[in-house]
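What follows is calculated from the coordinates using simple rules that are stated; it is not laboratory data. Note that the structure is a prediction, hence the values are computed from the model and not measured. Quick reminder, even Gly has a Cβ in these numbers, built from the backbone with ideal geometry, and neighbours come from all protein chains shown.
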Amino acid sequence: MELDAAEQQLKGMAHSEQHYFNSYNHHGIHEEMLKDEVRTRSYMNAIVQNKHLFKDKVVLDVGCGTAILSMFAVRAGAKHVIGVDMSTIIFKAKEIVAVNGMADKITLIQGKMEEIEIPFPKVDIIISEWMGYFLLYESMLDTVLYARDRYLAKDGLIFPDKATIFMCGIEDGEYKDEKIGFWDSVYGFDYTPLKETALSEPLVDNVEVKAAVTDPTAVLTLDLYKCTTADLAFEVPFKLSCRRDDFVHALVAWFDIDFTACHKPIRFSTGPHTKYTHWKQTVFYFKDVLTVQQGEEVSCNLLVRPNDKNRRDLDIKIDYKLDTQDATRRVEGACEFKMC
Amino acid sequence: MASSSTQPAKVPEDNDPLGDSASSAADDDEGWNDVEEDVEEDGDDDDGETQQVISLLDDRVFPDVMSMLVHCREKHGFDFLGVRQHLQLDFHGCVRLVNFIRQRAHEGLPVSEDISSSDLDHEQYLKPVLDDDAVIIGLFDLPELTPPDAQVGGGGGENEALVNDLLKRNSELQEELARVSAQYENYRATVSQTLDERWGDVAEPAESSKAGGAPEKEKAKGMGGEGNGEVKKEDDSKSYWESYAGVDIHETMLKDAVRTDAYRDFIYNNKHLFAGKTVLDIGCGTGILSMFCARAGASKVLAVDASAIIHKARENIYHNNLSSTITCLSGRIEEVTLPVPQVDIIVSEWMGYGLLFEAMLPSVLWARDRYLTPQGLMVPSHTSLWLAPVADPVWVADNGPDFWADVYGFDMRAMSAGIFDDARVLHWPTDKICGTAAAAFKMLDLYTTTAADLQFTAPFSVTLEQGKNEKNKDPVDGFLVWFDTFFSPQAPADRMQGVPLAADAKALEWCLGADGKKDQDRVAFTTGPWGTETHWKQALLLFGLDKEDKDKAAKKGDNDGKADAEDEEKKDEGAEVVEKKEEQGQQEIRGEITFSAPEGNARALDIWAVWNGRSQTWALR
């Protein structure tokens, strides 16, 4: 009956919201996330290795899913954990928590964070795995920030508490040709109308570290104690300095996550230089190919903001400019992307 | 995905040039007649209303074309007549050249004499950039083109030759006009349909071409309100298809070379079957199959799709200069109005996971009964379903209930409830197939199959592999199901009789001729584990625990937690299961398999199998 009520509630939402929550009802996605060792192990270490921080504390798990983080918190000595999730996966989480003998330590609430009441006026720690592709796509950071402002006690902790997006330029001619050039001739036919669409969709995929032509640059750093939802729409100019003579076909973006409250700080990265995660990296292809020389700089400007119609979608604009003495290589352009 | 809201607005816009071209051509018809008369009268341009000739390269205005061209040559270094001579442009070509230059100038692009014939080889340049462009009318006054090898000075009878030439050109233009008008008719039908849709006169399309290669995450998203009421479902399908307006799924399908090559090879190798024929392409997607048919010589192709991708198909077709042959119709095949009473050929790529999942085959069969001529051709002509037993304990341990038994030290077995209820779509390695033979359990002759035939029960029998490695020690973990697709060039003499094909024909063998070489006319492909991987992969039906095993598992779950001793016991129990299966000595698996659509969701698929005293149901969702 509880499940029915939850489904009824989902039905009342906008389609895009329904899809978002329903997509998390399936096993597959939870299996993929749990099997992402970089992710799950980092959270486990951050929580379980810091019993001194969790002991006797009240913890809020935002978007708890299968409640794995809630159970880590109990294992670390938390007095009580409240797990909140809109998706009906929470009914499975209840069974899991009970089977693991933690039913008295963990309270699970189905609903939207913004609409429910939790049985504590304040919490000492907020834990959440809220990150999406390109950090912000389909992310529930705004929900975490809401929970912070509403429930987090003064001097309370957030796990994780820092997120940084990096970008660098990559040589990706072969793959760009396969993904974008493909539409120039499909079985001998001109398919260029689909090329524009392909160019406007950032590609979530694994990039090899050797593809990096420029140094990486941090383009956004979020301090979860201070940031606001307004920070999630941002514009930032940045420069990428070229490490070698090569071509730049695209920018690749990834993010690092920090748990700075830990006794020994814990960090994981989703970049091309490190172990695979289910977030992979996000590639933004340029229309032009930049021919760069070692030591030159590519000037860029990144504009990111939630889509007006569906705030979980992102509108992204990247301006790029290669200003060199060599007029034949001078390029300036702009690309617009939509993550949806 | 890619905002479907912008697409409907975008398409008419992109197609506008086509519409303009057609209508201006129609308007100019009279104008050209006037000119012809002028020429016949006195070849003089002075009929009172002197038109102002606007320069090709700037805003200057001239009384006649020649002085304008002199200006262009002297002021801008562009020798129009030189280019014309170089490219040997006829009147038609000159029109294209004028519009090409005007278009570039209009876009602020530089114009040089370095123009090739291919630059001009676009229909768009037949459309005047300037309304009533005096330069185009004035082209008749230009000196004759010198043939490449002839020297200047043609001699007498020049006027007569000119008139004949102009008459010839005129008739060519008339033909061109007829062609463009036909194109315009298509366009007009499209526009009125698009507008009807936008104004809500037609119900928003709720189904479409294909779900074949849906990425898994998208799939989950698309399942929004499964199991809800009828009206709701329509809504969900709508957003489902909106989410497929992106290119991913089409890229996956086009890059599935097994699939796309098969259609291409059949169509191109059998051009005689397509020449001059009317073809219906159901669920056309990006329009690839329609374009194959048009290139193969079809005189008319009707491309139908209910998803927003049809707008991209229309653009693709236009870009490939096939708009006069292919007409795109947006909507369900059951609801669109075809401009013809009958078609000679139906082409469709309707196959889904497990062949019939989310299938649009009932729509194809409906269209066959409604539109296909008695001797018409179905492409493809047959599909068959196959099954084989599989065993892979390692895979099952990683992906079955065992994974959930211990997740970072927590018991998450609650997540494994229903884990055996869904068929899984994956590509299975052949060395994990434990039967010596695969069984063909259903052949669908697409000439005779009815929608009712798609819910069926069929017997099967497979033999387990013996004496090879230790494979036969493993219990069977499940069945793998896939399909073969056949393209027969043979049309039936009587459709009710169908086209004969052995029930157990194997795609990879059937398309070979008697000499063992590839038969050019026959095409077939398999989606099975021995073939090249396709985007359909295979469907895995994982066996659940038998009742006995379940009891044990439940018992084990109850007194959970007593560590080591319990673990020992668990191992023992595992061994027992293996032994039991061996004891039964199941050398052969015989049974029945049933495909059906669950009540209230015609697009989903339930598979039910009964074998060796067991039975189980799987859902494809």
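Its Cα gyration tensor gives region B:242-382 an equivalent ellipsoid. The semi-axes, each the square root of 5 times an eigenvalue, are 20, 17, 16 Å from largest down. Using a Förster distance of 35 Å, how high is the FRET efficiency between residue A:56 and residue A:233, based on the Cβ-Cβ distance and rounded to 0.05? Computed FRET efficiency for residue A:56 and residue A:233 comes out at 0.35. The simple Förster model, with R0 at 35 Å and r as the Cβ-Cβ distance, assigns residue B:73 and residue B:321 a FRET efficiency of 0.60. Based on the Stokes-Einstein relation at 4 °C and a viscosity of 1.567 mPa s, and on the Kirkwood radius from alpha carbon pairs, region A:163-339 is assigned a translational diffusion coefficient of 75 µm²/s.
Judged by the mean number of other Cβ atoms found within 10 Å, the most tightly packed of the peptides B:276-288, A:69-81, A:285-297, B:259-271 leads the ranking B:276-288, A:69-81, B:259-271, A:285-297. Note on residue A:153 and residue A:223: their simple-model spin labels are 2.3 nm apart, each label 7 Å out from Cα toward Cβ.
Size of region B:394-447: Rg and Dmax of its alpha carbons, in Å, are 16.8, 57. Backbone N atoms of region A:68-103 closer than 13 Å to the 7 Å Cα→Cβ label point of residue B:408 belong to residues A:68-76. By the count of neighbouring beta-carbon atoms within 10 Å, fewest first, B:482, B:608, B:530 end up ordered B:530, B:608, B:482.
Here region B:68-83 is scanned for amide nitrogen atoms under 12 Å from the site 7 Å beyond the Cα of residue B:113 along Cα-to-Cβ, giving B:73-74, B:76-83. Take the Cβ-Cβ distance between residue B:596 and residue B:394 as r, set R0 to 45 Å, and report the resulting FRET efficiency rounded to the nearest 0.05. E(calc), rounded to 0.05, equals 0.85.
Just subtract the alpha-carbon distance of residue B:335 and residue B:515 from 0.36 nm times their residue separation and send over the number in nm, one decimal. It would help to have the intermediate numbers written out before the result.
Numbers: separation 180, 0.36 × 180 = 64.80 nm, distance 4.68 nm.
The span from residue B:335 to residue B:515 would gain 60.1 nm if fully extended.
Taking Cβ atoms as reference points and 9 Å as the exclusive limit, the residues near residue B:605 contribute a net charge of 0, counting Lys and Arg as +1 and Asp and Glu as -1. In chain A, helices alone account for a calculated mean residue ellipticity at 222 nm of -7500 deg cm²/dmol, with every DSSP H run of four or more residues adding -39,500 (n - 2.57). Gain on full extension, evaluated as 0.36 nm per residue between residue A:187 and residue A:174 minus their Cα-Cα distance, stands at 2.8 nm. For the pair residue A:48 and residue B:258, label points projected 7 Å from Cα toward Cβ lie 4.2 nm apart. Taking the Cα atoms only, what angle lies between the long axis of helix A:2-11 and the longest principal axis of chain A, rounded to 10 degrees? Compared with the principal axis, the helix lies near 30 degrees. The calculated P(r) of region B:251-320, using every Cα pair and 10 Å bins from 0, goes 22, 53, 25, 0 in percent. Projected label points at residue A:308 and residue B:130, each 7 Å from Cα along the beta carbon direction, are separated by 3.9 nanometres. Between residue A:79 and residue A:215, full extension at 0.36 nm per residue minus the direct alpha carbon distance yields a gain of 44.5 nm.
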